Amino acid sequence: MLIEMMNVSFTYMPNTSLEQLALQSINLGIDEGEFIGLIGPTGSGKSTLVQLLSTLLIPTEGKIIFEGQEIGKDIDPRIIRKEVGLVFQFPESQLFAETVADDVAFGPRNLGLSEEEVDLRVRDSLGSVGLAYERYADRSPFSLSGGEKRLVAIAGILAMKPHVLILDEPITGLDYWGRTRVLRCIDELNRNGMTVIIVAHDMDEIAEYVDRVAVLSEGQIVLDGRPKDVFSQIDYLKDIGLDVPKTVELLMKLRDRGFNVTVESLGMQPAISAILAAVKEK
Amino acid sequence: MIQLNNVSFHYGKDKEKITALNNIDLTINEGEFAVILGPNGSGKSTLARHMNGLLIPSQGEVVVDGLSTRDQDALWQVRQKVGMVFQNPDNQIIATSVEEDIAFGPENLGLDPKEIRKRIDETLKIVGMENYARHEPHMLSGGQKQRVAIAGALAMRPKYLVVDEATSMLDPEGSSSMLSTLKQLNKNYGITVVNITHISDEVALADRVLVLSEGRIIKDGPPREVFSDLDELKAIGVGVPKARLIAEELIAVGLKLPRAILTIDELVNALC
């Protein structure tokens, strides 16, 4: 097991009148190479959870184990910050350098690496997000499209060579092309072995990519499993303020109207086949 | 009525000049619920910022109820008529408590404290944040902050509300309740709503859809009419409502379905 959260709780501003319990008794294990979608309505504690995983916050109760070592006890949280790369919401707002290459180089330079190694990492990480070094390195990040800016921000995190990549709402605010491009890039990183956690409130596009979905509601993990199992809980998810992918919603509604459909997969093509089969049968 | 007469807008100068809006002619009528769709970089936000005079056209004129945004003396009045809500609430919230934030606008109008209190309570209720009046805004989630920003705009009792990508940070329940709030404001209070978005699933609620591409309006009509030609929309990077995509796939393999489907419920009814 790569990361294990054991009975973790977190309270903002404890012992004040504004005390707010954000997470309660979280038990969550993350295996090497997993691709996890973390979903929940606004205010459910998603961002708090990822900040705990990347040690920007320290649990008020419970412990987090990274590769068998307890963070803060057996291992310094600063080491974990290099291992767990966190891409914040709207990371492009943190771009600042004059060129794409300088922006991506910022992290590795701060690690005190040689310029040669820094350059190598910049090339590698721009390559990993599908931005050709020759075409993008010298451009101003501010001249890029929304999706490209976000890819540069992701490359900046990859240049730190993290073990785990956590992305908070990585496709929010992007248009159709931007979303497709960023999702394909993340999928590719996972195929190449990176452990990935995507935080989202809308699973419609992400559902087809992840192997596992964990659902947060009011600071607790209420569902955790394969996407098709989690999304079959359509009524429950709607109750807590979440949607299911449109394909699932359609199949479920058809089933309620007497069609014989099974929700075996979340993708478009399986849904089409299931509908066709059911329509012919009727 | 908000009129854009032959409006062009350029960022930068000379060689670096980028044309964000290119000869836009557009009238938003009173009582309309309009959606402006377009990919990133198509000029949506630039267009929104022209509607209340945050940006002044490089060429042409924007006229709100007879007042030109070029007229410095009228600008205050224009901004009272046209409320704006932006994508990122962190840039819009200024006070240290939710209720003070909402009070900021009305206080500047010199309203009676009782009236201000009334507007705070009323608008927080509309956006479902009545239990958060005394909370600190920076402790709220992104979606909650966005609701506070909308309440702040509503507290000014605007005639027009321009909403720039305001649902993109909300969860599905938050965004559908926001959309139904906008619809209610439009229907029950007669507020004209211009919803600027790239989420195509939001068009089903609108009376009118405008599609922006490279600074020009390339489509303008009722949702079903605008979404009759999907290829053109896809080519410019405007997504198509998922229900419609599924319907098209089913039509392609031989099912007989109407071409006007925009929501899952419409598709379910067509299949039954």
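Out of all the residues in region B:21-57, which are within 14 Å of chain A (Cβ to nearest Cβ) and touching a helix residue (DSSP H, G or I) at 6+ places or on another chain (Cβ under 8 Å)?
B:Ile36, B:Leu37, B:Gly38, B:Pro39, B:Asn40, B:Gly41
Going by what's in this entry, would B:Gly110 be described as in a loop (DSSP other than H, G, I, E, B) and away from chain A (no Cβ under 14 Å)?
yes
Would you point out the residue of region B:50-106, among those that are more than 30 Å from B:Asn6 (Cβ to Cβ) and of a type in the set (A, V, I, L, M), that is most open to solvent (accessible area, probe 1.4 Å)?
This residue is B:Ile94.
Given the condition within 14 Å of another protein chain (Cβ to nearest Cβ), assigned to a loop (DSSP other than H, G, I, E, B) and closer than 24 Å to B:Phe9 by Cβ, answer yes or no: does some residue in region B:212-229 qualify?
yes
Sort out for me the helices (runs of 4 or more DSSP H) sitting completely within region A:27-132 that have 1 or more residues that are without any contact (Cβ under 8 Å) to a residue 60 or more places away in the chain and closer than 16 Å to A:Gly156 by Cβ. Talk me through it step by step, then tell me what you get.
Working: elements: A:46-53, A:77-83, A:100-110, A:115-128.
Once the helices (runs of 4 or more DSSP H) in region A:27-132 are filtered for at least 1 residues that are without any contact (Cβ under 8 Å) to a residue 60 or more places away in the chain and closer than 16 Å to A:Gly156 by Cβ, what remains is A:77-83, A:100-110, A:115-128.
Using the structure shown, decide if A:Lys149 is surrounded by fewer than 14 Cβ atoms within 10 Å (Cβ to Cβ), touching a residue at least 24 places away in the same chain (Cβ under 8 Å) and in a helix (DSSP H, G or I). Let's see the steps before the verdict.
Working: surrounded by fewer than 14 Cβ atoms within 10 Å (Cβ to Cβ): no; touching a residue at least 24 places away in the same chain (Cβ under 8 Å): yes; in a helix (DSSP H, G or I): yes.
Judged against the criteria, A:Lys149 is not a match.
Surrounded by fewer than 23 Cβ atoms within 10 Å (Cβ to Cβ), away from chain A (no Cβ under 13 Å) and of a type in the set (Ser, Thr, Tyr) - does that describe any residue in region B:163-185?
Yes, that holds for at least one residue.
Among the residues of region A:65-80, is there at least one that is charged (D, E, K, R), within 29 Å of B:Gly142 (Cβ to Cβ), more than 14 Å from every other protein chain (Cβ to nearest Cβ) and open to solvent by 20 Å² or more (accessible area, probe 1.4 Å)?
yes
For region A:201-223, enumerate the residues that are under 15 Å from the mean Cα position of the chain (by Cα) and either open to solvent by 50 Å² or more (accessible area, probe 1.4 Å) or not assigned by TED's automatic domain parsing to the domain that holds A:Leu165 (or both).
The answer is A:Asp202, A:Glu205, A:Glu208, A:Tyr209, A:Asp211.
Can you pull out the residues in region B:126-161 that are more than 10 Å from chain A (Cβ to nearest Cβ), more than 15 Å from B:Met84 (Cα to Cα) and among the small types (Gly, Ala, Ser)?
B:Gly128, B:Ala133
Can you spot a residue in region A:262-277 that is in contact with a strand residue (DSSP E or B) (Cβ under 7 Å, 6 or more places away or on another chain), of a type in the set (Gly, Ala, Ser) and assigned to a loop (DSSP other than H, G, I, E, B)?
No, that holds for no residue.
So in region B:248-272, with the set limited to residues that are surrounded by 20 or more Cβ atoms within 10 Å (Cβ to Cβ) and more than 10 Å from chain A (Cβ to nearest Cβ), which one is farthest from B:Val203 (Cα to Cα)?
B:Ile261
Of all residues in region B:137-172, which are under 12 Å from B:Val127 (Cα atoms) and assigned to a helix (DSSP H, G or I)?
Answer for region B:137-172, where residues must be under 12 Å from B:Val127 (Cα atoms) and assigned to a helix (DSSP H, G or I): B:Gly143, B:Gln144, B:Lys145, B:Gln146, B:Arg147, B:Val148, B:Ala149, B:Ile150, B:Ala151, B:Gly152, B:Ala153, B:Leu154.
The values are calculated or read from the model by the stated rules, or taken from the named source; none is laboratory data. Model, not experiment: these values are computed from the prediction. Glycine gets a Cβ as well: all are built from the backbone with ideal geometry, and neighbour counts include every protein chain shown. Keep in mind that these areas ignore ligands, DNA and RNA; they rest on the heavy atoms of the full protein, side chains included. Shrake-Rupley method; radii C 1.70, N 1.55, O 1.52, S 1.80 Å.
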